[in-house]
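**Q** Mind having a look at this structure? Questions to follow.
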């Protein structure tokens, strides 16, 4: 009985923490974001503004205009970009920007600050600028 | 080392690796913490280190081709279990104490990767790594706590029944 009570308390605390964490990460109701793509030689190959609503995600906006490929559970490139149960999808290819995860990856910058959150964990706020940049391992700023 | 114990170490590595691969579709939900605590409590310190080293080498070879940025923090983290078990935990068999340890370990395991990720990406900001890993640490801590609390004792009994217990207490007689 004691074990059961302790287990329930721990599970409730864990679920509550998840709920609080997800509430901290909400979109603005309406707004505009900018998406920039930077290729392997550092050139900006795309720069466009997009309108969004509360239900949009950064992934869904990107998916409308680009051919995306994601990492599977072993970080191999795959055209299956279905949402994952926990955490975030890892995009390995956006049109001509293709990475292999072991030597390079697509770094995401939110308002010119490197994001350690994945694409599914980033909330959309009016005026945000998201830069997707081909990044060599160990070359971050 | 006895052949039987050597074989048990090999089998425990196989069990650890197989369950990890089977549960890979659920991030950080696995029985690895429970099983390592269980095996550490029946193996000696030296046997535990051999088991963990073999498991990490096998896992790193299969998953990432010996990527040092994953292999080293993984190895250091798992070594903490036998180290803690034989020191601060004083070889306890209390499922509650071990469950609390498993919960704390879930967070320590995540933190161990932060400096290596900072070196790998070349981005030296500590806080974003810490925050972005919290959900995964929560999953690992909760899974570790629940599985150890409910499954440690029955599994330990199975291993004890097949005669794998070590750490026999020597009682001095003054008769």
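The values are calculated or read from the model by the stated rules, or taken from the named source; none is laboratory data. All of these numbers come straight from a predicted model, not from anything done at the bench. Note: ideal-geometry Cβ built from the backbone for every residue, glycine included; neighbour counts use all protein chains shown.
**Q** Could you tell me whether any residue of the range B:118-126 is more than 25 Å from residue A:136 (Cβ to Cβ) and within 11 Å of chain A (Cβ to nearest Cβ)?
**A** No; the residues of the range B:118-126 include none that is more than 25 Å from residue A:136 (Cβ to Cβ) and within 11 Å of chain A (Cβ to nearest Cβ).
**Q** Got a number for residues in the range B:1-28 being crowded, with 16+ Cβ neighbours inside 10 Å and part of a loop (DSSP other than H, G, I, E, B)?
**A** Within the range B:1-28, residues that are crowded, with 16+ Cβ neighbours inside 10 Å and part of a loop (DSSP other than H, G, I, E, B) number 2.
**Q** If you go through the range A:85-133 one residue at a time, how many are in contact (Cβ under 8 Å) with a residue 12 or more places away in the chain, within 11 Å of another protein chain (Cβ to nearest Cβ) and in a strand (DSSP E or B)?
**A** Residues in the range A:85-133 being in contact (Cβ under 8 Å) with a residue 12 or more places away in the chain, within 11 Å of another protein chain (Cβ to nearest Cβ) and in a strand (DSSP E or B): 5 in total.
**Q** Then there is this: Which residue out of A:41, A:61, A:33, A:20 is closer than 15 Å to residue A:123 by Cβ, at pLDDT 90 or above and not in a strand (DSSP E or B)?
**A** A:61
**Q** Within the range B:84-100, work out how many residues are closer than 17 Å to residue B:42 by Cα and either touching a residue at least 24 places away in the same chain (Cβ under 8 Å) or within 13 Å of chain A (Cβ to nearest Cβ) (or both).
**A** 9
**Q** Given A:56, A:82, which one is more than 14 Å from every other protein chain (Cβ to nearest Cβ) and at pLDDT 85 or above?
**A** A:56
**Q** Same structure, new question: Tell me the residue from B:33, B:40 that is touching a helix residue (DSSP H, G or I) at 6+ places or on another chain (Cβ under 6 Å), under 20 Å from residue B:113 (Cα atoms) and in contact (Cβ under 8 Å) with a residue 24 or more places away in the chain, please.
**A** One residue alone meets the criteria, B:33.
**Q** Going by the structure shown, is residue B:37 more than 29 Å from residue A:11 (Cβ to Cβ), modelled with pLDDT of 95 or more, in a helix (DSSP H, G or I) and away from chain A (no Cβ under 14 Å)?
**A** So residue B:37 does not fit the description; no.
**Q** Somewhere in the range A:70-92, is a residue within 15 Å of residue A:37 (Cβ to Cβ) and surrounded by fewer than 20 Cβ atoms within 10 Å (Cβ to Cβ)?
**A** no
**Q** Moving on. Looking at (1) touching a residue at least 40 places away in the same chain (Cβ under 8 Å); (2) more than 21 Å from residue B:150 (Cα to Cα); (3) within 14 Å of another protein chain (Cβ to nearest Cβ), can you tell me which one residue B:47 breaks?
**A** So residue B:47 meets the others, but not (3).
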